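Each remark here refers to the structure printed beneath this line.
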Amino acid sequence: MRVASRLVIGALVIVAVFAVLNVVTLERRLRGRLTEQAGATLLRESRLIATQWTTGANADEIADAAGAALGVRVTLIDSTGRVVGDSEFDDPALSQLENHNNRPEVIAARQNGSGSARRPSPSAGDIELYAAVRGPLGIARTSLSTQTLDRVVAAQLRDMVPVALLAAVIAVALVALSAGVLVRPIVALRDEARAIAAGDLSRRPALDAPGEVGDLATAIHRMREQLGTRLTALEADEALFEAVSASLNEGIIAVDGRGDVVRINGRARDLLSLREPVPFSADRLPRDRVFRDAVAAARQGESVDGLELDMAEATVELTARPLTDGGAVLALFDVTRLRQLERVRRDFVGNVSHELKTPLTVISGVAETLMDESLTGEQRRRFADMIATNTRRMQRLVDDLLDLSRIESGGWRPAPTSADMDAVVSEVFAAARDRASKANVELSAEVADDAAAPFADAVALRQVISNLVDNAVRHTSNGQVAVTARREGKGVRVSVRDTGDGIAAEHLPRIFERFYRVDTARSRAEGGTGLGLSIVRHLVEAHGGSVAAESTLGRGTTISAFFPDRAA
C-alpha cells in the first residue's frame with residue numbers, strides 16, 4: 001500500500017475514532033446535564049404543587065390539572081403512603097396502586113424535605129425520573145419518563161452527524177493534500193535509492209524538500225557521490241589486479257570461506273584445464289590427493305610450500321596460503337620446462353661422458369700397448385692409426401658440441417643471402433665421395449631452377465646438407481643417396497633421401513634430439529656423434545624454417561629442411 005493511501009486511511013480512522021469518542025462523551029455529558037436540569041425542574045414543580053394542595057381541595061383534580069399543565073406525571077401521596085391523586089390514573093384505579101411509603105424519593109422527602117430518584121416505574125413500565133417534596137398534607141411528587149430525555153439526546157446526536165461527516169471530508173482532503181506534498185520527495189528519494197542499489201550513479205534528481213526530508217535527500221546525494229568515488233577506485237583496483245594476475249606466469253586461484261573459487265587467472269585455467277566461469281565449487285578443482293590436501297590445509301590456517309605435482313602434461317609447483325575468512329590463495333608455477341632442462345642437462349652430461357669415455361679408453365689402452373718394445377713396426381702403425389681415429393672422433397664430438405653450444409646460446413646468427421645450391425651440393429658431394437664409394441653408395445642431386453638460390457646462410461646451408469648426406473651415407477650400403485631442392489610455397493625445401501635400412505616409426509619423433517641414436521652400436525662404430533641432426537634442426541630453425549623426417553623400415557629415409565624466402 002502506498003504511503004499516501006496509508007496516510008488517508010489513517011486520517012479516516014483517526015477522524016472516525018475521534019467522532020465516536022466525541023459522540024460518546026457528548027451523549028454522556030448531555031444526558032447527565034438534561035437529567036440534572038430535569039430533576040431540578042421536577043423539584044420546583046413538586047414544591048409548587050405542594051403549595052396548591054390544601055385542605056378541602058380534591059387531590060386527584062389538582063394532580064390532573066398540574067399534570068396537564070406541566071406535561072409531567074403528578075402524584076399526591078398522603079402521610080400513610082396512599083396515593084390520593086395521580087395525573088395518569090382515575091379514582092377507580094387509585095385504590096389499586098401500591099403504598100408508596102417504600103419509594104426512595106418518598107422516604108428522602110419525609111426525612112429531608114425533598115428527594116429524587118431514577119428507577120423503573122412499576123405502574124408505567126419504564127424508567128422514570130422522580131422528584132418528591134414534603135408538603136402540609138403529604139408528599140407531592142412529579143415524574144418524567146427518561147424516554148423523553150433519550151429523544152432529546154438522539155435529536156442532538158442526529159444534528160451532529162452532518163457536522164462530523166463534513167469534518168471527516170475536510171480532514172481527508174487536507175491529509176491527501178499534505179500527503180501529496182510529503183510523499184512526492186519521498187518517492188523521488190526512493191527512486192534514487194533504487195537507482196543507487198542497481199548501480200546507476202548518474203542520476204541527479206532536482207529535489208528541494210524542507211525539514212528532515214531535505215536533510216535525508218542531502219545525505220543520499222552525498223552517499224551517492226562517495227559511493228561513486230569508492231566504486232571508481234575499486235574498479236581501478238580490480239582492473240589493475242586483473243591485468244597483473246593475467247600477466248603472471250604463475251597460476252593464481254582464490255577460494256573463499258564457503259569453498260567456492262572466486263578468482264582464477266588464465267594461466268591457472270590452462271594448467272588445470274578449467275573453463276567454468278567463477279564462482280564455482282572448489283570440488284571442480286583437480287582431484288589429485290596432494291592438491292586436495294594442500295587446499296584443505298590452507299583453509300584450516302596452515303601454509304603449504306613447494307609441493308610438486310604432475311598435472312596432465314605439466315609439472316606444477318604448488319604454494320598455498322590461508323585467508324582470514326577460512327579461504328585460501330593458491331599459486332601454481334609451471335616447472336615443466338625447468339624439469340625438462342634438468343633432464344636434458346643430466347642426459348647431456350651422461351651422453352658426453354659416455355661418448356668421450358670410449359675413445360679415451362681406446363687411446364689409453366693403445367698408448368700403454370705402444371710402450372711395449374717388442375711390438376713390430378706394423379703393429380705400432382696400426383695402433384697409431386687407432387689413436388688417430390679416436391682422436392678425430394673426439395675432435396668431431398668437441399666441434400659438434402661447440403657448434404651446438406654456439407647456436408643454442410645465441411652466439412651465432414645466420415646471414416642469409418641468395419645461396420648457390422648447385423655449388424653447395426657439389427662441395428658436399430666432393431667431401432663425401434670417398435666414403436660413398438667405399439659403401440657402394442651412388443650420390444645424385446636434382447635442383448629445380450626456381451630452387452637454385454634459396455634465401456639462406458651459405459655456410460649454414462652447406463653444414464645442413466653435409467650433415468644430412470653424411471648421415472645418409474653412413475646408414476646406407478649398396479644404395480643411393482639423393483639430394484633434391486624444390487620450391488614449396490614461399491620457400492625452398494631441401495631433401496636428402498637414402499635407400500638404407502630406414503627408421504622405425506616410434507623413433508622418428510626423437511631423431512632430432514641430441515645424442516639420440518636409433519642403432520647406437522652401429523652409429524658409434526661408423527663415427528657418428530649423435531649431434532648431427534640436432535645441429536641441422538637448430539640451423540634451420542634459426543632461419544625461421546622447419547625440419548621433417550619420413551622413413552619406412554627396409555626402404556630408406558627422407559629428411560628435409562624448409563628455408564623460407566626473404567619475404568616470409
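Model label sites at Thr35 and Ala236, defined 7 Å from Cα along the beta-carbon direction, differ in position by 8.3 nm. Calculate the FRET efficiency for Ala65 and Val13 from the Cβ-Cβ distance with a Förster distance of 35 Å, rounded to the nearest 0.05. It comes to 0.05.
Protection proxy ranking, highest mean first, for peptides 486-495, 26-35: 486-495, 26-35, where packing is the per-residue count of other beta-carbon atoms within 10 Å, averaged. Comparing Cα centroids, region 72-89 and region 529-553 end up 150 angstrom apart. For the pair Asp449 and Arg222 in one chain, pulling the backbone fully straight at 0.36 nm per residue adds 73.6 nm over the alpha carbon distance.
For Ile127 and Leu177, a Förster radius of 56 Å and the Cβ-Cβ distance give a FRET efficiency of 0.70, rounded to the nearest 0.05. For region 249-334, what class follows from the C-alpha gyration tensor (a ≥ b ≥ c being the square roots of its eigenvalues): rounded when a/c is under 1.5, otherwise prolate if a/b is larger than b/c, else oblate? Here region 249-334 falls in the oblate category. Protection proxy ranking, highest mean first, for peptides 229-239, 496-506: 496-506, 229-239, where packing is the per-residue count of other beta-carbon atoms within 10 Å, averaged. Per-peptide packing, taken as the mean over residues of other Cβ atoms within 10 Å, places 435-443, 164-172 in the sequence 435-443, 164-172 from highest down. Mind running the shape call on region 78-154? Use the C-alpha gyration tensor, a ≥ b ≥ c as the square roots of the eigenvalues: rounded below 1.5 for a/c, prolate if a/b tops b/c, oblate otherwise. Because a/c hits 1.5 or more and a/b fails to exceed b/c, region 78-154 counts as oblate.
Just so you know, all these numbers are worked out from the coordinates, no wet-lab data involved. For clarity, every value in this text was computed on a predicted model and none was experimentally measured. Note: ideal-geometry Cβ built from the backbone for every residue, glycine included; neighbour counts use all protein chains shown.
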